[in-house]
Amino acid sequence: MNTKHKDEWLYTISSKRKLIDFNFKEIWRYKDLLFLFVKRDIVTVYKQTVLGPLWYLIQPLFTSVIFTLVFNNLGNIGTGGVPPFLFNLAGITAWNYFKECLTKTSSTFTTNKGIFGKVYFPRVVMPLSITISNLLKFGIQLGIFLGFYCFYFFQGTEANMNQHMLLFPVYVLMMALLGLGLGMIISALTTKYRDLSILVGFAVQLLMYLSAVPYPISEAREKFPSKVALIVEYNPLTQITEGFRYMFLDTGTFTWFGFFYTLIISIALFLIGLVIFNRTEKSFIDTV
């Protein structure tokens, strides 16, 4: 009598994927690798620098000082009664998290081509580890901002938190999704078009000025040409920056339309980036 044995495989690795494939079970199986990448990102970034993690503190403080001198003192840009330094520090703190997620995720394939070509693991683990590790840097810079916030508060400054602080986790999530989505799209494109990796730095700087980081939306409406003002106002990152300031400083503009509009775009951009990322990982090793 012939008996048929059916082999049951624990894992199957195949190039055939769904259009949107975000396998939480598989990512959970590789959670130790995810945490290892997070630890690597945190430890190695400033390992051979003189000041080390102090750069987490220096960068936002120096940028805030420069913005205060240039935009507020020389450019005479108003901040709604909030101290200009605190106003700028709030915007830079929110912007830096998005920027770090975007710039580091955008080089995922080219930076990690060696390990990608030797061993299998869910490739999306790499950009996820970047987003998680940057939360530490964001937390440190947020702590700096809260320290200056308390200083100005006890000095009698009219800058108060409001009930919209309950939305803070959602704003962090939106920054992460936007950074991940755009980063995965750029990372996929750089496997064929290396010039994009050079343009990212310049584009990010330009995007910062179109995201109302060093000025409020009210100034953009008043001083910018109408078309530029519309671009700034409907930029999702502008809504995040303004919302961040509105939560902590009770200044700026907040609308529920802008909030949900930004949330929808963040989710959509993340899903689009995930689709492109998954399609690229099947054949990127041949073009990198």
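Values quoted throughout were computed directly from the atomic coordinates according to the rules given, and no laboratory measurement underlies them. Treat the numbers as computed from the prediction; the structure is a model and nothing was measured. Cβ atoms come from the backbone with ideal geometry, glycine included; neighbour counts cover every protein chain shown.
Taking a quarter of the surface of the Cα convex hull of region 93-172 gives a mean projected area of 6.5 nm². Of the residues Tyr209, Tyr171, Leu182, the one whose Cα sits farthest toward the positive end of the charge dipole of region 24-286, with +1 on the Cβ of Lys and Arg and -1 on the Cβ of Asp and Glu, is Leu182. Placing +1 on the Cβ of every Lys and Arg and -1 on the Cβ of every Asp and Glu, with no other charges, gives region 89-197 a dipole of roughly 600 debye about its Cα centre.
In square nanometres, what is one fourth of the surface area of the convex hull spanned by the alpha carbons of region 184-284? The Cα convex hull of region 184-284, projected and averaged over all directions, gives 7.6 nm².
For region 24-286, the dipole from Cβ point charges (+1 on Lys and Arg, -1 on Asp and Glu) about the Cα centre works out to 1000 debye, to the nearest 20.
Taking a quarter of the surface of the Cα convex hull of region 24-286, what do you get in nm²?
It is 15.4 nm².
Structure note, pairs Lys137/Lys227; Lys31/Lys99; Lys39/Lys192; Lys31/Lys137; Lys137/Lys223: Cα-Cα distances above 28 angstrom occur for Lys137/Lys227; Lys39/Lys192; Lys137/Lys223. For the peptides 162-170, 247-255, 119-127, the ranking by mean Cβ contacts within 10 Å, running from highest to lowest, is 247-255, 119-127, 162-170. Near Val204, once Lys and Arg are set to +1 and Asp and Glu to -1 for all other residues with Cβ below 12 Å from its Cβ, the sum equals +1.
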